[in-house]
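The numbers here are math on the coordinates, done by the rules we state, and not lab data. The model shown is predicted, which means the values in this text are computed figures rather than measured ones. A quick note on method: Cβ atoms are made from the backbone with ideal geometry, for glycine too, and the neighbour counts reach across all protein chains shown.
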Amino acid sequence: MSLIEKIKDRFDLSPIKPKWPGLIENYKKWLPVNANTPIITLKEGGTPLIRVGSIEKRIGRGIRVYVKYDGLNPTGSFKDRGMTMAISKAKEDGCEAVICASTGNTSASAAAYARRGGMRAFVLIPDGYVAQGKLAQALVYGAEVLAIKGNFDKALDIVREIAEKYPITLVNSVNPYRIQGQKTSAFEIVDALGEAPDWLCIPMGNAGNITAYWMGFQEYFKAGHSTILPKMMGFQAKGSAPLILNAIVKEPETIATAIRIGNPVNREKAMIAKEESKGSFLAVTDEEIINAYKILGKEEGIFCEPASAASVAGLLKRKQEIPNKSTIVCVLTGNGLKDPDCAITNNDAVFHSDLDANLKTVAKTMGF
Ligand code: AN7
């Protein structure tokens, strides 16, 4: 062994595994990019699929449950998958500014990718209903923030009109490149499991993501990468459940502000995904969402935002219906750090405050 080899061996200095190139590079042939597309990337995608015993234990019957932890994307949500595509294509088309309406995550992601691509980013948000972390991101990433006295649905109406009238690119999920990028998560799941799961549990707001997953699973299935297609199991918060009520919800309300959406633009596509996959949609209460959020945090070490926990809450609510030995994937769409207010208000932690700064007090408080 040479000296260098000995040192490497001693200090375990093995080279880091070949790096993940970002989802466009990794799944290029499945995506509408060409040699001239400038790829604007923060190496998004390639997120972990993690088995969650605490959820399996509550279901039993040999059922395997995984979470797709998409909150580990560069800006902390699945939106980065769609944004790397939408912004790269906008750049290819010579666009100089983008706009979106957002409950928070889209604005953070749009801002990061647009600025990285040298474009201006305008974001319309419902004043007072965007979680702190997301707002912080939009500001730091250099977005031009327009907070309106109205909800997400109103903001979306406005940006759609602006994009029609003025030279600016809309990067909400009505932009087809968003869906193209987001479908890669389905590819990653099949690549990791060697097969599609039996169920995919996913939170729904505007229903772009469920549309994207269904597209991805179908494309992989047709290409022979899986032999089955998952049932698409979509979940919404009870106070904000237009896809379950089959109606427009004028004043949506839920603790999961990310999915506080009353009139989803991808309604038809979501319904097709449900019907074609023989899936089903269901509403979960804020209480059920917070219950799942806490289980993931304190029993798994997985911190997701409340909207994401709706997928696990929904799975637990449907546990009687799961066939024995199924494999299930729940999508955790966003990182828990996005919404610190929710975290601090909703936990079962032991928190002793106002302690005198000495060993005796600390040890006594610990129970010694
Ligand atoms: C964490 O950021 O709509 O059903 O403006 O942030 O594809 O809309 C966010 C949506 C789920 C719902 N989980 O996805 C926005 C926005 C999280 C989210 C959804 C969102 P879609």
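Overview of values
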quantity: GNM result for the chain, Cα springs below 10 Å: residue of GLY117, GLY128, GLY314 fluctuating most strongly; calculated: GLY128
quantity: Fraction of beta bridges assigned by DSSP in region 40-193 that are antiparallel (%, nearest 5); calculated: 20 percent
quantity: For the chain, Cys with no neighbouring Cys Cβ under 4.7 Å; calculated: CYS95, CYS100, CYS304, CYS342
quantity: The chain - percent relative contact order, Cα under 8 Å, separation 6 or more; calculated: 18 percent
quantity: Long pairs among LYS183/LYS238; LYS29/LYS165; LYS29/LYS269; LYS134/LYS154, criterion Cα-Cα beyond 29 Å; calculated: LYS29/LYS165
quantity: Cα-based equivalent ellipsoid, region 1-137: semi-axes from gyration tensor eigenvalues, Å; calculated: 33, 26, 16
quantity: Of LYS79, LYS325, LYS338, the one that fluctuates the most in a GNM where the chain has Cα springs shorter than 10 Å; calculated: LYS325
quantity: Long-range HN-HN contacts of CYS330 with modeled amide H, under 5 Å; calculated: TYR66, VAL67, LYS68, CYS201
quantity: Choice from GLY181, GLY22, GLY60 showing the highest fluctuation, given a GNM over the chain with Cα pairs closer than 10 Å; calculated: GLY60
quantity: Set of aspartates and glutamates with alpha-carbon distance to LYS231 below 19 Å, sequence-local pairs under 8 removed; calculated: GLU56, GLU188, ASP191, GLU195, ASP198, GLU219, GLU268, GLU275, GLU276, GLU321
quantity: Pairs beyond 18 Å (Cα-Cα), from LYS43/LYS79; LYS19/LYS338; LYS294/LYS317; calculated: LYS19/LYS338
quantity: Shape category assigned to the chain from the gyration tensor of Cα positions, a/c cut at 1.5; calculated: rounded
quantity: Percent of beta bridges antiparallel (DSSP, the chain, rounded to nearest 5); calculated: 15 percent
